[in-house]
2 protein chains.
Amino acid sequence: MSRRETTTLEDVARLAGVSPATVSRCMNQPQSVRAEKRVRIQGAIDQLGYVPNGSARALASRRSRMIGAILPSLDNMLFGGPLEAFQKEVGSAGYTVAVACSEYDQQHERVHIRNFLESPVDALLLVGGHRDPNIYRQIERQGIPYVLTWVSSGDREEHCVGFDNAAASADLVDYLVSLGHRRFGMISGFTEHNDRAGARLAGVRKALARHDLSLDDDQLLHRPFEPEAGRDAFHILMSGSKPPTVVICGAEPHAYGALFEARDMGIDVPGQVSVTGFDDMWLASQTMPTLTTIRTPREEMGRQAAHHLLAQLRGERVAAPRPLETTLVVRKSTAAPPEPFPGPTKGLKRGQG
Amino acid sequence: MSRRETTTLEDVARLAGVSPATVSRCMNQPQSVRAEKRVRIQGAIDQLGYVPNGSARALASRRSRMIGAILPSLDNMLFGGPLEAFQKEVGSAGYTVAVACSEYDQQHERVHIRNFLESPVDALLLVGGHRDPNIYRQIERQGIPYVLTWVSSGDREEHCVGFDNAAASADLVDYLVSLGHRRFGMISGFTEHNDRAGARLAGVRKALARHDLSLDDDQLLHRPFEPEAGRDAFHILMSGSKPPTVVICGAEPHAYGALFEARDMGIDVPGQVSVTGFDDMWLASQTMPTLTTIRTPREEMGRQAAHHLLAQLRGERVAAPRPLETTLVVRKSTAAPPEPFPGPTKGLKRGQG
DNA sequence: CTGAAAGCGCTTACAG
DNA sequence: CTGAAAGCGCTTACAG
């Protein structure tokens, strides 16, 4: 235990017989140092067990090599995969990922953004695009790159790496209408502070309107993203006097809950009612019946978000990313409605989806 | 855009008419600064929109306020919850959490540990306790606190915040033996670099031995933690000439896969074969049949890991944490074996679990 | 309670 | 290709 506990770059320089600047260059731009010295320096590094101090490096270079990621939650199957993919990509470029959870709460997210800006992070990954403009102003004032995932459009398209939630749910509706469905129910997430949930609901409404259909107020239930909540909502929808012939779920946990509740209520899916999900998580292909849903390319989104950010960090001028494609995956939870049901309007166009 | 883009503590000091040292104190130990000055300083901070620079702070104070967490995976339902709980706890104490995934690979983990030590992090959260002693030496040389989760014993009990995997699976075996089972099959994770999986398997073996039973070699299959892998293994086990009357799964995804495969094979659970899980994730209570399993207190573990680390970071001397309790949750996937099956030995003691 | 000063361990123009 | 020197923006004994 000497007085000086940590070995510094200066120690390495002394042992290698070069200046600290050269050691620094050797670590950051090896090709700019004569090979012979590189060997001596590496030897000194190994001999001393030198570990560079990231804080000092960050301060001197004004780059922390840290990227902050703020996700709504980690305690489900949705965000972990993309985060892991993101971390892997930026990690191999030398960046560390700091995480925080907003718990689907704007105030929490705001605090975390502020903390990350203080850290300071070199870049930021967020989910969704709707937030107080002041937040964006604050981020941009610091001049750090950021990426908005899970959405493809909005005010800041050049920062969005995601897919078109509204278009995806509209696809779903077109398909369901083509099956003959006219009475729709929906279990949605809360839309106030969640533009993904909002877009999915809007997409459903818009597509229904195109078919001269609509979603009745009492057929739309907002619930947190939990299977239990989905069960509860499904039970309510199916206990009404005129239950829907199809229940669209804005998030997959809702659909799992709906399927479980149907089983417990003795309701046949898709015989009596069709059920759809959104995201195509692993369970969707294992439920009974298997779930018709929208596949979202989540890992791919994580990777692309990383590349988008890394390009900006390299100082490249980047174009607005192209929206990622979603896919309608038809499985066994959807079928024609149980009996011919006269639609609320005439002139219904079949099979146009 | 002035030449100096960032406002620094010095700017605040100048505007408030105090020294930089006082501004620093005002932020870190407010009570040591006269109230009147505190107000002036806060005013200056607000007026300038001052954001302290974490890198400089880290360098000067030799504390980065960052904790590194290395988990085997984020892309499943297991580690996200505890990580979120951990982040929440340490976050409210002012710490940032950096994450990385080892992908159940020692070399990956080693690289991430090294990167974190460079960052440098103030503390480290790891999963499991078995790793190259050199790694521990390296961590301890830097003098940073660390916590080993998901395990309760081993060489470094004072760092473990977890539960006794072996005892938990032994409980399960005792219960199954008490039901009358004598022919056991097991789907286990790979045990070479995973001491949790190793302990679960060892616990099963030890408990069986206590009952004069054992696990035949061809009744033990090692698989990655995926439902599909569980399906595959279950299929193999049940296709043998003498299939087991119970399949113990070392991880819950294996059990889900087993249940799905049983359904597809037309095998009645628990009529023909019992199936057990380990962890009690949300799906366990929703499968058909519902799953008998071991409940592990994962969120609580995340919180306790945080408190254990925070106490050390405060410089407190901490005692070895008490192991967390696991619970045998009996549901519908287990029952007596289909027919009286003569055990390999006499003198079997019933109901001793 | 407060300030002047040194220092944390790097990086990076600048000059050669 | 290399070195001397300044500087990144804070914190913290030390003295008062």
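The values are calculated or read from the model by the stated rules, or taken from the named source; none is laboratory data. The shown structure was predicted, so the numbers you read here are calculated from the model rather than taken from an experiment. Heads up, the Cβs are rebuilt from the backbone with ideal geometry, glycines too, and the neighbour counts pull from every protein chain shown. Side chains included, ligands, DNA and RNA excluded: accessible areas come from the protein's heavy atoms. Shrake-Rupley method; radii C 1.70, N 1.55, O 1.52, S 1.80 Å.
The table for this structure:
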read-out: Members of segment A:6-37 that are under 27 Å from residue A:314 (Cα atoms), more than 10 Å from DNA strand C (Cβ to nearest atom) and surrounded by 18 or more Cβ atoms within 10 Å (Cβ to Cβ); value: A:33
read-out: Members of segment B:280-305 found to be within 22 Å of residue B:95 (Cα to Cα) and either within 14 Å of chain A (Cβ to nearest Cβ) or open to solvent by 50 Å² or more (accessible area, probe 1.4 Å) (or both), listed by number; value: B:298, B:299, B:300, B:301, B:302, B:303, B:304
read-out: In segment A:33-52, the residues that are under 24 Å from residue B:120 (Cα atoms) and within 16 Å of DNA strand D (Cβ to nearest atom); value: A:41, A:42, A:43, A:44, A:45, A:52
read-out: Filter result (within 12 Å of chain A (Cβ to nearest Cβ), touching a residue at least 24 places away in the same chain (Cβ under 8 Å) and among the polar types (S, T, N, Q)) within segment B:117-151; value: B:119, B:138, B:142
read-out: Residues (under 20 Å from the mean Cα position of the chain (by Cα) and not aromatic (Phe, Trp, Tyr)) located in segment A:123-143; value: A:123, A:124, A:125, A:126, A:127, A:128, A:129, A:130, A:131, A:132, A:135, A:139
read-out: Condition met for residue A:55 (within 11 Å of DNA strand D (Cβ to nearest atom) and either within 30 Å of residue A:119 (Cα to Cα) or assigned to a helix (DSSP H, G or I) (or both)); value: yes
read-out: Cβ pairs under 9 Å, 6+ apart, first in segment B:47-62 and of a type in the set (S, T, N, Q), second more than 12 Å from DNA strand C (Cβ to nearest atom) and not in a loop (DSSP other than H, G, I, E, B); value: B:47/B:15; B:53/A:118
read-out: Given (1) in a helix (DSSP H, G or I); (2) open to solvent by 10 Å² or more (accessible area, probe 1.4 Å), number of the condition residue A:155 does not satisfy; value: (1)
read-out: Residue match in segment A:235-250 (condition: in contact (Cβ under 8 Å) with a residue 60 or more places away in the chain and part of a helix (DSSP H, G or I)); value: no
read-out: Matching residues, segment A:6-51, being in a loop (DSSP other than H, G, I, E, B), away from chain B (no Cβ under 14 Å) and under 27 Å from residue B:113 (Cβ atoms); value: A:29
read-out: Breaking point among (1) over 24 Å from residue A:330 (Cα atoms); (2) modelled with pLDDT of 95 or more; (3) surrounded by 17 or more Cβ atoms within 10 Å (Cβ to Cβ), for residue A:193; value: (2)
read-out: Selected residue (criterion: nearest to residue A:167 (Cα to Cα)) from residues of segment A:309-324 that are exposed (fewer than 14 other Cβ atoms within 10 Å of the Cβ) and of a type in the set (Gly, Ala, Ser); value: A:319
read-out: Selection count, segment A:64-77, where residues are modelled with pLDDT under 95 and more than 9 Å from chain B (Cβ to nearest Cβ); value: 0
read-out: Selection within segment A:177-204 - more than 26 Å from residue A:162 (Cα to Cα) and not aromatic (Phe, Trp, Tyr); value: A:177, A:178, A:179, A:180, A:181, A:182, A:183, A:185
read-out: Any hit, segment B:252-271, residues being more than 14 Å from every other protein chain (Cβ to nearest Cβ) and open to solvent by less than 20 Å² (accessible area, probe 1.4 Å); value: no
read-out: Qualifying residue in segment A:217-231 (condition: assigned to a loop (DSSP other than H, G, I, E, B), within 14 Å of chain B (Cβ to nearest Cβ) and farther than 22 Å from residue A:292 by Cβ); value: yes
read-out: Answer residue from segment A:78-90, given it is open to solvent by 30 Å² or more (accessible area, probe 1.4 Å) and within 8 Å of another protein chain (Cβ to nearest Cβ) and is farthest from residue A:151 (Cα to Cα) among those; value: A:88
read-out: Residues located in segment A:98-116, provided they are open to solvent by less than 30 Å² (accessible area, probe 1.4 Å), within 10 Å of chain B (Cβ to nearest Cβ) and out of contact with any Phe, Trp or Tyr (no Cβ under 7 Å at 6 or more places or on another chain); value: A:99, A:100, A:101, A:116
read-out: Filter result (closer than 23 Å to residue B:133 by Cβ and either basic (Lys, Arg) or assigned to a loop (DSSP other than H, G, I, E, B) (or both)) within segment B:158-188; value: B:162, B:164
read-out: Which numbered condition residue A:94 fails, given (1) more than 9 Å from chain B (Cβ to nearest Cβ); (2) of a type outside the set (Asp, Glu); (3) assigned to a loop (DSSP other than H, G, I, E, B); value: (1)
read-out: Residues of segment B:41-71 satisfying the condition of being away from DNA strand C (no atom under 16 Å from the Cβ) and crowded, with 24+ Cβ neighbours inside 10 Å; value: B:67, B:68, B:69, B:71
read-out: Selected residue (criterion: nearest to DNA strand D (Cβ to nearest atom)) from residues of segment B:59-75 that are in contact with a strand residue (DSSP E or B) (Cβ under 8 Å, 6 or more places away or on another chain) and not in a loop (DSSP other than H, G, I, E, B); value: B:66
